[in-house]
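See structure below.
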Amino acid sequence: MLIASHISKSYTVGEKLVQALDDVSVHVAPGEFVTVKGHSGCGKTTLLLATGALLAPDAGTVEVDGQDPYQLPPDPRAAFRAGHIGFVFQQFYLVGYLSVLDNVLTPSLALPRPDARERAAELVDRFGLAHRAEHMPGQLSTGERQRAALARAMFNEPKLILADEPTGNLDGKNAGVVLSALAEFAEAGGAVLLVTHDDKVAEYAHRTVYLEGGRLCED
């Protein structure tokens, strides 16, 4: 489902060149849950952004479901991303002035579907947020916000979910809800690539990729 081959990416910080990724190759098959571990600054988030068609690599190729999204113009790439990839971040990135239901609906802006409201309501209920559907993110607990973000990521029935420390702000119970949902997604044939520092998260995964200094040091 995801084939990232020989990915390299560098940044210029002041006068210093920072090599965030250096010839990294990662693949995730349908039905597979893969975690990415490594120290802060080792390139984990850059890898997620590159594989998610949000940050073009300097070298190497990315394929999601057989398509290189970077070969598409910006608008078709956004539509492809909306239809194939779900994103879950530690900071949630919910829209503060939209209700829970409307936040879950936002992917339909990039990829409209006739059953959008019904699909959103189904996911809100699935993640135990039906009683919060009309509440704003600021009225939710941390765990509820992450569940809303996960519902949004699953809205368009993506084939790949990319998650960046999705349990970093959660207690054990809410972390278990999120991880169980991602494991179920993989069991149903989806692919998951999740960045984490937490050893317990890796227990849900089929395998773990380790990055060090922008390079793959173990898989």
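Per-structure values
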item	result
Set H39, H6: member being touching a Gly at 6+ places or on another chain (Cβ under 6 Å), exposed (fewer than 14 other Cβ atoms within 10 Å of the Cβ) and closer than 29 Å to E203 by Cα	H6
Every residue from the range 5-59 that is farther than 24 Å from G86 by Cβ, touching a strand residue (DSSP E or B) at 6+ places or on another chain (Cβ under 9 Å) and of a type in the set (S, T, N, Q)	S8, S10, T12, Q19
One residue from A50, A79, A59 being within 18 Å of the chain's Cα centre (by Cα), among the aliphatic types (A, V, I, L, M) and surrounded by fewer than 16 Cβ atoms within 10 Å (Cβ to Cβ)	A79
Among the candidates L111, L129, residue that is surrounded by fewer than 19 Cβ atoms within 10 Å (Cβ to Cβ) and either closer than 19 Å to F185 by Cβ or of a type in the set (V, I, T) (or both)	L111
Some residue of the range 85-95 being over 26 Å from T12 (Cα atoms) and more than 15 Å from the chain's Cα centre (by Cα)	yes
Selection status of S25, surrounded by fewer than 15 Cβ atoms within 10 Å (Cβ to Cβ) and either farther than 30 Å from L109 by Cα or touching a residue at least 24 places away in the same chain (Cβ under 8 Å) (or both)	yes
Single match in Y97, Y70 (criterion: among the hydroxyl-bearing types (S, T, Y), over 27 Å from A20 (Cβ atoms) and either in a strand (DSSP E or B) or touching a residue at least 12 places away in the same chain (Cβ under 8 Å) (or both))	Y97
Criterion violated by A20 - all others in (1) at pLDDT below 95; (2) in a strand (DSSP E or B); (3) among the small types (G, A, S); (4) farther than 16 Å from D164 by Cβ satisfied	(4)
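The values are calculated or read from the model by the stated rules, or taken from the named source; none is laboratory data. Every value quoted in this text rests on a predicted model; they were computed, and no experiment measured them. Heads up, the Cβs are rebuilt from the backbone with ideal geometry, glycines too, and the neighbour counts pull from every protein chain shown.
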